[in-house]
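Colleague: If you scroll down you'll find the structure; I have some questions about it.
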Amino acid sequence: MALKADKIFVNLPVKDLNKTVEFFTEIGFEFNPQFTNENATCMVISEHIYVMLLVEDYFKTFTKKEISDSSNSTEVIIAISAENREQVDEIVNKALAAGGQPTNDPVDHGFMYSRSFEDINGHLWEVVYMDPSTVEQA
């Protein structure tokens, strides 16, 4: 039997938690106050997907490795889905207006549309819409 998990928690180091919360609030994300303090917050992507934003010093308590310098290297690209093409543009435009940076040109394959941005901590995000009629149902 294949392993199936019903939730995902992505942990990301951040330099300034308050500015990071401000940035993602401007995009439209919400946070779970039960898991928020001066070291961390839980950003809610959906009922099954969460991003734990951890102040760098606190993040370091979870690993023996060095934190990647996101200004010159990338360890992960976080991709999230959007309900339609317009929502892709809305999310990315809000991220750019809040201080994010564009990372790549939009990709438009007709059935799939995506745009990307770098958040204020240097983490890469892709926002993708895929026409559900083009996806095979399992």
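The values are calculated or read from the model by the stated rules, or taken from the named source; none is laboratory data. Fair warning: this is a prediction, and the values are worked out from it, not measured in the lab. Every residue, glycine as well, gets a Cβ built from its backbone with ideal geometry; the counts of neighbours run over all protein chains shown.
Colleague: Contact list please: Cβ distance under 7 Å, first residue in segment 51-67 and more than 18 Å from W125 (Cβ to Cβ), second residue basic (K, R) and loosely packed, with under 14 Cβ neighbours inside 10 Å, pairs at least six apart or on different chains.
Modeller: E56/K15
Colleague: Taking the criterion of being in contact (Cβ under 8 Å) with a residue 24 or more places away in the chain, basic (K, R) and farther than 16 Å from G28 by Cβ, would at least one residue in segment 110-126 satisfy it?
Modeller: no
Colleague: Moving on. Are any residues in segment 1-34 closer than 28 Å to S73 by Cβ and in a helix (DSSP H, G or I), and if so, which ones?
Modeller: The answer is L17, N18, K19, T20, V21, E22, F23, F24, T25, E26, I27.
Colleague: Something else now. For the structure I just gave you, tell me whether D57 is under 28 Å from T134 (Cα atoms), at pLDDT 95 or above and loosely packed, with under 14 Cβ neighbours inside 10 Å. Spell out how you get there, then give the answer.
Modeller: Details: under 28 Å from T134 (Cα atoms): no; at pLDDT 95 or above: yes; loosely packed, with under 14 Cβ neighbours inside 10 Å: yes.
No: the conditions fail for D57.
Colleague: Further, regarding this structure: Is it true that L12 is surrounded by 13 or more Cβ atoms within 10 Å (Cβ to Cβ), touching a His at 6+ places or on another chain (Cβ under 7 Å) and not hydroxyl-bearing (S, T, Y)?
Modeller: Numbers: surrounded by 13 or more Cβ atoms within 10 Å (Cβ to Cβ): yes; touching a His at 6+ places or on another chain (Cβ under 7 Å): yes; not hydroxyl-bearing (S, T, Y): yes.
Yes; evaluated as a whole, the condition is true for this residue.
Colleague: Could you count how many residues in segment 104-134 are outside any strand (DSSP E or B) and surrounded by 15 or more Cβ atoms within 10 Å (Cβ to Cβ)?
Modeller: Qualifying residue count, segment 104-134: 5.
Colleague: Here's another thing I want to ask about it. What is the number of the single condition among (1) hydroxyl-bearing (S, T, Y); (2) loosely packed, with under 12 Cβ neighbours inside 10 Å; (3) more than 21 Å from K19 (Cβ to Cβ) that S71 does not meet?
Modeller: (3)
Colleague: Restricting attention to segment 35-47, does a residue exist that is surrounded by 11 or more Cβ atoms within 10 Å (Cβ to Cβ), of a type in the set (F, W, Y) and under 30 Å from D131 (Cα atoms)?
Modeller: Within segment 35-47, none of the residues are surrounded by 11 or more Cβ atoms within 10 Å (Cβ to Cβ), of a type in the set (F, W, Y) and under 30 Å from D131 (Cα atoms).
Colleague: Are any residues in segment 16-62 over 17 Å from the mean Cα position of the chain (by Cα), farther than 24 Å from D6 by Cα and of a type in the set (S, T, N, Q), and if so, which ones?
Modeller: The answer is N37, N39, T61.
Colleague: Being touching a residue at least 24 places away in the same chain (Cβ under 8 Å) and among the charged types (D, E, K, R) narrows it down to one residue among E47, E22; which is it?
Modeller: That would be E22, the only listed residue that is touching a residue at least 24 places away in the same chain (Cβ under 8 Å) and among the charged types (D, E, K, R).
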